[in-house]
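One structure is given here, and the rest of the page talks about it.
The values are calculated or read from the model by the stated rules, or taken from the named source; none is laboratory data. What you are looking at is a predicted structure, and each value in this text was computed from that prediction instead of being measured. Cβ atoms come from the backbone with ideal geometry, glycine included; neighbour counts cover every protein chain shown.
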Amino acid sequence: MARSSTNILANRALLTLMLGHCILDMYVGLLPILYPVLTHRFHLSLSAVGLISLAYSGMASITQPLFGVIADRYGTRLIGLALIWTATTFSIVGLAPTFPLMVALAAVAGVGSGMYHPMGAISARAVIDERKRNSAMAVYVTAGTIGVAAGPLLGAVVFSAFGAPGTLLMFFPGIATAVWLLKEMEGVPGRRRPRAEVTRAAVPVPMAAMVAVILVMMSRNWTVISFEAFIPSWYKSLGYGAAFYGPLATTVVLASALGTVGSGRLADRYGRRGIIIGTLILTIPFMLLFAQFTGPSGFLTGGLIGLLAASTGPLTLVMAQELMAGRAGLASGLIMGLAFVTGAIGVPITGALADAFGMQTAFRLQVVVVLATLLVTPFLPSEGRLAALGRRRAELAGAE
């Protein structure tokens with residue numbers, strides 16, 4: 001089960017984890033399509049409806065470091081329980097009779113996401129070939145992106161037919177996948193960290209580099225989630241129907257999936273830091289064009305935003321894991337947890353800007369976030385620096 005494979009897509013362990021990641025993140029993709037239903041049902045503003053994302057992603061963010069520590073200490077074979085929790089709680093979100101109760105249920109559902117993400121990341125790291133770590137982690141992350149992309153398409157069908165109570169149907173894919181995941185993880189024993197890992201964990205983490213990695217991940221997530229969350233509501237206000245804005249939202253997410261795979265392969269060849277800086281710079285003109293020109297051109301410009309903005313996610317994740325060698329679960333929980341919370345906070349902020357100045361201006365202001373992010377990129381660690389850090393930790397571990 002845990003054997004690595006140089007052929008990434010022949011790695012059964014990785015494929016199983018990818019399936020779980022895909023289904024879990026499908027629930028995130030459903031939320032933006034639920035927003036137009038809720039604004040009509042509860043007479044909400046865009047900033048208010050963004051609280052659903054804040055509740056779900058915020059709770060996932062807060063709990064991820066905790067579950068990361070648990071994964072480092074005890075292993076990840078019960079990862080399927082995360083899907084059972086999310087599928088069960090999310091399925092009743094749409095049945096809530098009041099908006100505050102709906103927000104509370106979304107927060108409870110977020111705990112499952114907080115459990116799966118660090119456990120999935122540390123499990124994926126353990127079963128992939130070290131020589132293709134960027135590519136393999138990119139493929140793993142892409143599975144989640146595909147799930148997010150499938151969410152709007154599925155939501156457009158289900159919520160158009162059943163309204164908010166359609167969330168009840170979302171119980172079944174999560175439970176089915178969870179049963180399969182638990183079965184597949186039976187052969188993976190729980191573990192305590194070997195002494196060498198404890199020694200490596202004791203080596204001080206370069207804080208400037210770690211902060212830079214976290215800030216880049218936070219910025220990129222704010223941009224991606226804001227665009228994904230408000231494209232449906234914006235295009236609906238422009239007079240477009242679900243048949244247009246559902247596929248548009250899906251296009252943005254699918255393009256981001258392609259970006260994660262492509263960036264992983266490029267990073268294996270040219271290094272992570274250069275790819276991150278390049279994608280940040282290239283995002284700017286397409287964000288401005290997307291905000292300026294609506295309609296069918298949005299499929300191109302929105303797709304390019306997704307392609308570029310989401311592509312750095314797996315690269316920063318691998319950076320964090322290498323900076324905190326011996327504590328990969330905690331590193332995964334921190335990097336993804338803070339990214340989640342930034343998206344969760346960023347969505348209401350973007351929504352508030354849209355309420356005050358219009359959605360077009362709110363999208364344009366995302367350029368400011370990208371420009372600010374470029375200021376911290378000189379502190380990102382290079383492959384050479386990470387390799388030197390790894391050698392130092394290995395020497396200390398060997399001296400024990």
- Task: Restricting attention to the range 36-65, report how many residues are surrounded by 24 or more Cβ atoms within 10 Å (Cβ to Cβ) and either without any contact (Cβ under 8 Å) to a residue 60 or more places away in the chain or touching a Leu at 6+ places or on another chain (Cβ under 8 Å) (or both).
- Result: 6
- Message: Give all pairs with beta carbons closer than 8 Å in which a residue from the range 157-184 that is within 19 Å of Pro97 (Cα to Cα) meets a residue that is in a helix (DSSP H, G or I) and among the charged types (D, E, K, R); count only pairs at least 6 apart in sequence or on separate chains.
- Response: Gly163/Arg41; Ala164/Arg41
- Among the numbered criteria (1) of a type outside the set (Phe, Trp, Tyr); (2) at pLDDT below 80; (3) within 26 Å of Ser135 (Cα to Cα); (4) buried (at least 23 other Cβ atoms within 10 Å of the Cβ), which single criterion is violated by Gly68? (2)
- Note on the structure: Scanning the range 242-278 for residues that are surrounded by fewer than 21 Cβ atoms within 10 Å (Cβ to Cβ), modelled with pLDDT of 85 or more and not hydrophobic (A, V, I, L, M, F, W, C) gives Pro247, Thr251, Gly274, Gly278
- Note on the structure: Filter the range 121-163 for residues that are of a type in the set (A, V, I, L, M, F, W, C), closer than 18 Å to Tyr245 by Cβ and at pLDDT 80 or above; the one that is surrounded by the most Cβ atoms within 10 Å (Cβ to Cβ) is Phe159
- Item | Subset of the range 82-103 that is aliphatic (A, V, I, L, M) and at pLDDT below 90 - its residue that is surrounded by the most Cβ atoms within 10 Å (Cβ to Cβ) | Val93
- Task: Determine, yes or no, whether Val111 is touching a residue at least 40 places away in the same chain (Cβ under 8 Å) and either surrounded by fewer than 24 Cβ atoms within 10 Å (Cβ to Cβ) or on the phi > 0 side of the Ramachandran plot (or both).
- Result: yes
